[in-house]
Amino acid sequence: MKILLTGANGYIGMRLLPLLLDQGHQVVCSVRDPNRLSISEDLKKQIEIVVIDFLQEVKTRCATKRHRRGLLFNSLYELLYK
């Protein structure tokens, strides 16, 4: 299954990513800053990285349109509840 993982840099996202890949899912990681994604090069080769700032609504809608079919794991707690 194709999965869009938001908050891939965060506590939950970093632990969820390898589990999803081990189960054979195609994972797209959304990040605000790809340089902060601290995962191994091996994992980076297995995923697609998209830069999305969820505070910018128009860009978010455009960036997520191509990932409509599949599953969304949202781990943006800090951003959503500030």
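The values are calculated or read from the model by the stated rules, or taken from the named source; none is laboratory data. Since the structure is predicted, the reported quantities are computational estimates derived from the model, not experimental observations. Cβ coordinates were reconstructed from backbone atoms using ideal geometry, including for glycine residues, and neighbour counts include every protein chain displayed.
Mind checking which helices (runs of 4 or more DSSP H) fall wholly inside the stretch 4-82 and carry at least 1 residues that are at pLDDT below 80 and touching a Leu at 6+ places or on another chain (Cβ under 9 Å)?
57-65, 77-80
Could you please tell me which pairs satisfy a Cβ distance under 8 Å, a separation of 6+ or placement on different chains, a first residue in the stretch 3-17 that is closer than 14 Å to ILE49 by Cα, and a second residue that is of a type in the set (Ser, Thr, Tyr) and assigned to a helix (DSSP H, G or I)?
Taking only residues 6 or more apart or on different chains, the pairs are LEU4/THR64; GLY7/TYR77.
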